[in-house]
Structure formats: C-alpha cells, structure tokens
Amino acid sequence: MKQIDLSTTAGKIAAYVDYNLSDHAFLRLSFRNAHWLDDRLVRSNQPWPFQLKQWRDKGVRTVINLRGGFDATFYALEKDACARLGMTLEDFTVRSRAAPSREQILGARDLFRRVQYPAIMHCKSGADRVSLMSTLYAHFEMGQPIEQAMEQLSFRYLHLKNSRTGVLDHVFVRYLEDAAPKGISFIDWVQSDAYDAPGMTRDFHASWWGNLLADKILRRE
C-alpha cells in the first residue's frame, strides 16, 4: 500500500508524480472525455483536482467515483480536493469486465435518486464503467428506453464493444432479446431469477484484437 501524505510539500509532489506515472494522469490534462447527459449529470474521465475546482465553479456539487482505488494516489488527491472545495464525494465501485450484479443495478438506481445535483460521474478513462452507469441513469432518471439509453455505450466515449468491456453491452442486449419482447420492464427483469450476472459474464466472448487494444495498448482498467 502506498504511503500518501498530502500534509507536506514533499508529500504532495510525491503524490502527483505517482498520479502521473501510475494513473497516466498527464493524458487527462487537456482531454476530459466530458459530456453532459442532461442539465444535472456530466460523465467524465478521472478529473484532476484543479479540474474539480472548475466543475465546482460551474455549480457541480457531487463527485461520483466509480473506480474504487481507495489506497491509490488518484483517490487521495480527489478526496482531499472534494473536502477543500466543499464537494460531496460518493464512492460507487463497478467493474468494466463483468456484468453488474443485481445489487449494483438497484444500488445505482438508489444512488441517482439520492445524490445532490449537479454531479460529475467518472471512472478512469470515461469509457466503460461510466458508460454503464450513464446507460442506467438515462433509463432510470431520464426515462429513456433501453435501446436509446444504450447510446451511452458508444465509441464516441471510447467504449470498445469488441473487447471484454463489451460484456456491459451484452447485459442490455440480453434484456432486449429475452425480456423486452414479453413486455417485461428492465427493472423487473433485473429483480427476477432470470437475471444471471455471472452467467452473462461467462457467456460473453470478446475478440482477440479488441482485448489487445483495450488491455495491452490502451491499458484500460
């Protein structure tokens, strides 16, 4: 576990060095992959502390961290920045290479109902985990049908359907194929015995070149 001390100048310098080396933060200095879903929620890649201040100054009140990473420098810097800026930090960890559990989907619905808006929601690259959660937000909060909400899982946001992260698309495709034609709502399907997250994860097969691009070249989380 990294020893992170933000109380001294030397500690802050060490944290930012690690932030750039281990989290490739320098790539996000100018590229934010930020997009508003509506007037309440913006999706993004991992923001720098100075970018959080910019979002705060635009009225954003809540930061939703989808990464976990509670012993990492990115999280220490984000938690410190939120405390200084008066922003609420919400931690809601999801995975990019496994179908979300029933509890995660229901938890996402509850999260969107209770957080203070405007909010910013992020993973590392703003491509996969935040695309999953944006799809759920578009459905639960914006009232979009799943077919439309799935537009959040798009290469426009650098999401790769042909890599192992395509399992996120697979969940919604299974709903549209198996349950929607029967008139079953998405939430009722998720709450039924038919929803099998481990099974969908096992059933999904990515292309070799998609995995190469996502895991080896882009090094996505």
Q: Consider S30 carefully, then state whether it is of a type in the set (S, T, Y), part of a helix (DSSP H, G or I) and more than 21 Å from Q104 (Cβ to Cβ).
A: no
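Among the residues of segment 166-188, is any touching a residue at least 24 places away in the same chain (Cβ under 8 Å), of a type in the set (D, E, K, R) and over 18 Å from N45 (Cα atoms)? Walk me through it before giving the result.
Going residue by residue through segment 166-188, those that are touching a residue at least 24 places away in the same chain (Cβ under 8 Å) are 166-168, 170-172, 174-176, 180, 186-187.
After this cut, where a residue has to be of a type in the set (D, E, K, R) as well, the list is 174.
Now narrow it down to the ones that are over 18 Å from N45 (Cα atoms): 174.
Yes, segment 166-188 contains a residue that is touching a residue at least 24 places away in the same chain (Cβ under 8 Å), of a type in the set (D, E, K, R) and over 18 Å from N45 (Cα atoms).
With the requirement that a residue be in a helix (DSSP H, G or I) and either touching an Asp or Glu at 6+ places or on another chain (Cβ under 7 Å) or crowded, with 20+ Cβ neighbours inside 10 Å (or both), what does segment 141-156 give you?
In the first step, residues of segment 141-156 are kept if they are in a helix (DSSP H, G or I); the result is 146-152, 155-156.
I146, A149, M150, Q152, listed by residue number.
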Q.
Among the residues of segment 195-212, what is the count of those that are assigned to a helix (DSSP H, G or I), surrounded by 16 or more Cβ atoms within 10 Å (Cβ to Cβ) and modelled with pLDDT under 90?
A. 2
**Q.** Unmet requirement for Q191, which otherwise passes all of (1) modelled with pLDDT under 95; (2) touching a helix residue (DSSP H, G or I) at 6+ places or on another chain (Cβ under 8 Å); (3) surrounded by fewer than 15 Cβ atoms within 10 Å (Cβ to Cβ); (4) of a type outside the set (G, A, S)
**A.** (1)
Q: Give the residues of segment 98-146 that are without any contact (Cβ under 8 Å) to a residue 24 or more places away in the chain and either among the small types (G, A, S) or over 17 Å from V63 (Cα atoms) (or both), sorted by residue number.
A: E103, Q104, G107, G143, Q144, P145
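So, in segment 94-112, of the ones that are charged (D, E, K, R) and in contact with a helix residue (DSSP H, G or I) (Cβ under 8 Å, 6 or more places away or on another chain), which residue ends up surrounded by the fewest Cβ atoms within 10 Å (Cβ to Cβ)?
Here is the first cut: in segment 94-112, the ones charged (D, E, K, R) are 95, 97, 102-103, 109-110.
Narrowing further to those that are in contact with a helix residue (DSSP H, G or I) (Cβ under 8 Å, 6 or more places away or on another chain): 95, 97, 102, 109.
Details: R95: 19, R97: 20, R102: 14, R109: 16.
Here the residue is R102.
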Q) Here are D23, D91, D39: which of them is under 23 Å from S134 (Cβ atoms), acidic (D, E) and in contact with a helix residue (DSSP H, G or I) (Cβ under 6 Å, 6 or more places away or on another chain)? A) D23
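Return yes when A34 is of a type in the set (A, V, I, L, M, F, W, C), surrounded by 12 or more Cβ atoms within 10 Å (Cβ to Cβ) and under 17 Å from G126 (Cβ atoms) and no when it is not.
On the way: of a type in the set (A, V, I, L, M, F, W, C): yes; surrounded by 12 or more Cβ atoms within 10 Å (Cβ to Cβ): yes; under 17 Å from G126 (Cβ atoms): yes.
For A34, the condition - of a type in the set (A, V, I, L, M, F, W, C), surrounded by 12 or more Cβ atoms within 10 Å (Cβ to Cβ) and under 17 Å from G126 (Cβ atoms) - is met.
The values are calculated or read from the model by the stated rules, or taken from the named source; none is laboratory data. Small disclaimer: the values here were computed from a predicted structure and weren't measured. Don't worry about glycine lacking a Cβ; one is built from the backbone with ideal geometry, like all the others, and counts go over all protein chains shown.
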